[in-house]
Amino acid sequence: MRKALRWLLAFTVFIGTLSTATAATAAEPEATGTTDIKEQLLSIPGMSLIQEKPYTGYRFFVLNYTQPVDHRNPSKGTFQQRITVLHKDVSRPTVFYTGGYNVSTNPSRREPTQIVDGNQVSMEYRFFTPSRPAPADWSDLDIWQAASDQHRIFKALKKIYTRNWISTGGSKGGMTATYYERFYPRDMDGVVAYVAPNDVVNDEDSAYDRFFATVGTKECRDRLNAVQREALVRREPLEKKYAAYAADNGYTFDVIGSLDRAYEAVVLDYVWGFWQYSLLSDCDTIPADAKSATDEEIWDSVDTISGFSAYTDQGLTPYTPYYYQAGTQLGAPTIHFPHIEKQYIRYGYQPPRNFVPRDIPMKFQPWAMRDVDTWVRHHADHMLFVYGQNDPWGAERFRLGKGAHDSYVFTAPGLNHGANVAGLVPDQKTLATARILEWAGVSDAAVARAKPLAAYDRKLDVRDVEREPALRP
């Protein structure tokens with residue numbers, strides 16, 4: 001739902017270290033023994049090679065791994081789950097990453113991987129194509145099954161990568177890393193969860209309303225609220241433009257039910273989407289006087305931030321697994337719009353059920369998030385949570401209780417859904433880096449320096465901004 005290119009420069013401050021010097025490539029990997037690493041990987045039962053891509057200082061493999069459709073009942077069959085391995089050396093630590101969605105098949109390195117100068121294993125979340133069983137029994141898509149996918153991958157690869165492991169992920173990936181730790185707390189030596197929402201009570205979302213009442217500056221909030229309201233006031237002419245846009249692109253609205261429902265969903269995402277992906281300085285790009293702005297200016301602002309393709313069938317279909325999980329376990333926010341008169345809002349924030357085909361049954365499990373939240377509060381060990389001050393998803397976050405050990409929750413000032421360790425205040429950045437290095441089992445001297453062990457790589461460490469619907473973490 002997001003237009004990535006417009007915000008790419010804004011996000012570079014969050015991804016990796018902001019070195020302006022020419023990026024040094026990683027050293028060539030050391031010898032890993034008499035057996036080539038590809039042979040070692042392919043000797044794992046159920047592992048097959050899709051592709052190997054070269055990258056200086058690494059070996060990068062795109063692989064399929066055979067997984068049970070149902071870990072509780074392996075007789076139900078198997079499916080092929082896509083993973084990637086960024087191999088540096090078996091003598092280095094390994095970072096286990098998932099974004100909670102599809103996996104990228106291009107070499108990339110997450111922040112903890114750069115910090116520990118390690119290997120990286122990345123997993124595609126089950127039911128995101130092509131890692132979907134056929135036929136798909138959607139009841140097999142839940143947080144325990146996904147955690148069990150990670151557990152099996154870890155057990156298979158731990159025989160090769162025997163040093164310490166750290167799991168990580170951002171947004172839904174941060175949630176995934178946390179759930180994995182809850183169900184398999186003995187697998188990882190540490191967890192780094194970025195901007196991970198924690199919707200413990202699905203029907204109580206007042207934290208989001210409080211967030212939007214104070215985030216940023218009043219001037220910026222007023223600009224955004226005015227454009228959002230104006231887009232609903234001008235619903236009739238802008239929906240005509242939307243219909244032409246949909247016809248030109250072959251977009252349909254069968255899942256959500258109508259173009260009118262889709263239009264309102266996009267508009268109501270506007271303010272959330274801005275704070276999720278933009279900086280306070282980006283307020284200068286928002287029309288200063290919405291009432292005097294042209295229809296085209298209102299359309300362009302909403303489309304740039306929210307994306308009018310998001311709630312079409314074509315926009316929803318790739319993310320059906322997320323919306324299914326939001327409506328069965330993860331929960332989803334509901335917020336109010338006090339700056340918009342009631343006559344302009346017909347549907348409000350629509351539930352995940354509206355974004356999933358009706359032939360897929362859904363039933364919400366309110367105990368799922370309560371269980372995880374209770375476990376984190378009382379049992380978190382070697383866990384680091386990083387949030388952005390201006391990220392709406394951080395309004396409901398993970399918190400630590402008295403039972404937590406060597407675990408931390410930090411907030412990066414002024415940052416959004418791209419917040420990371422590099423964006424923390426200096427003391428917290430030093431502490432977080434040192435703890436990650438300690439958990440990775442590197443030398444005491446490296447821990448004491450508390451600096452990333454690998455040089456910043458412009459290609460490997462700067463990723464395309466992951467733009468997505470505002471109601472998708």
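The values are calculated or read from the model by the stated rules, or taken from the named source; none is laboratory data. It should be emphasised that the depicted structure is a prediction, and the values quoted were computed from it without experimental measurement. Reconstructed Cβ throughout: ideal geometry from the backbone, glycine too, with neighbour counts over all protein chains shown. SASA here: full protein model, heavy atoms, side chains in, ligands and nucleic acids out. Shrake-Rupley method; radii C 1.70, N 1.55, O 1.52, S 1.80 Å.
Here are a few things to note about the model shown:
- Globularity index of the chain, i.e. its alpha-carbon radius of gyration over 2.2 N^0.38 Å: 0.98
- Across the stretch 58-72, coupling constants 3J(HN,Hα) worked out from phi with the 6.51/-1.76/1.60 Karplus curve, θ = phi - 60°, read 9, 10, 10, 10, 9, 10, 10, 10, 6, 10, x, 4, 10, 5, 7 Hz, and Gly and Pro carry x.
- For residue 38, a cut-off of 17 angstrom between C-alpha atoms picks up these aspartates and glutamates, skipping any fewer than 8 places away in its own chain: 28, 30, 52, 89.
- Peptides ranked, highest mean first, by Cβ atoms within 10 Å: ranges 389-395, 348-354: 389-395, 348-354
- The Cα atoms of the stretch 139-202 give a gyration tensor whose axes a ≥ b ≥ c have a/c of 1.5 or more with a/b no greater than b/c, which makes the shape oblate.
- Taken about its Cα centre, the chain carries a charge dipole of about 820 debye when Lys and Arg each add +1 at the Cβ and Asp and Glu each add -1 at the Cβ.
- Degrees between helix 259-268 axis and first principal axis of the chain (Cα, 0 to 90, nearest 10): 70 degrees
- Amide H within-cut-off set for residue 50, under 5 Å, with H built and near neighbours excluded: 62, 63, 64
- At R0 = 45 Å, FRET efficiency that the Cβ-Cβ distance of residue 280 and residue 370 yields, to 0.05: 0.85
- Exposure ranking of 122, 292, 75 by accessible area [1.4 Å probe, largest first]: 75, 292, 122
- Residues of the stretch 198-225 with an amide N closer than 20 Å to a point placed 7 Å from the Cα of residue 291 along the Cα-to-Cβ direction: 218-225.
- Take the Cα of residue 219, step 7 Å toward its Cβ, do the same at residue 400, and the gap between the two points is 3.8 nm.
- Gyration tensor verdict on the stretch 59-216 (Cα atoms; rounded if a/c is under 1.5, prolate if a/b is larger than b/c, oblate otherwise): oblate
- Heavy-atom surface analysis with a 1.4 Å probe gives the stretch 211-329 a carbon and sulfur content of 49 percent of its accessible area.
- Structure-based [θ]222 nm, the chain - -39500 (n - 2.57) summed over DSSP H runs of at least 4, per residue, nearest 500: -10000 deg cm²/dmol
- Surface exposure of the chain, expressed per residue as accessible area with a 1.4 Å probe, stands at 41 Å².
- Of 158/459; 53/172; 88/459; 158/402, pairs whose Cα-Cα distance is over 20 Å: 158/459; 53/172; 158/402
- Highest to lowest packing among 297-305, 272-280, 242-250, scored as the average C-beta count within 10 Å: 272-280, 297-305, 242-250
- For the pair residue 445 and residue 51 in one chain, pulling the backbone fully straight at 0.36 nm per residue adds 138.1 nm over the alpha carbon distance.
- Net charge over other residues, Cβ less than 10 angstrom from the Cβ of residue 105 (K, R count +1; D, E count -1): +1
- Long-range HN-HN contacts of residue 95 with modeled amide H, under 5 Å: 119, 120, 121, 166
- Coupling constants for the stretch 104-115 follow from the phi torsions by the Karplus curve (6.51 cos²θ - 1.76 cosθ + 1.60, θ = phi - 60°), and in residue order they are 6, 9, 10, x, 8, 9, 7, 3, x, 5, 5, 4 Hz; glycine and proline get x.
- Note, ³J(HN,Hα) from phi for the stretch 210-217, Karplus 6.51, -1.76, 1.60, rounded to Hz, x at Gly and Pro: 5, 4, 5, 7, 10, 4, x, 10
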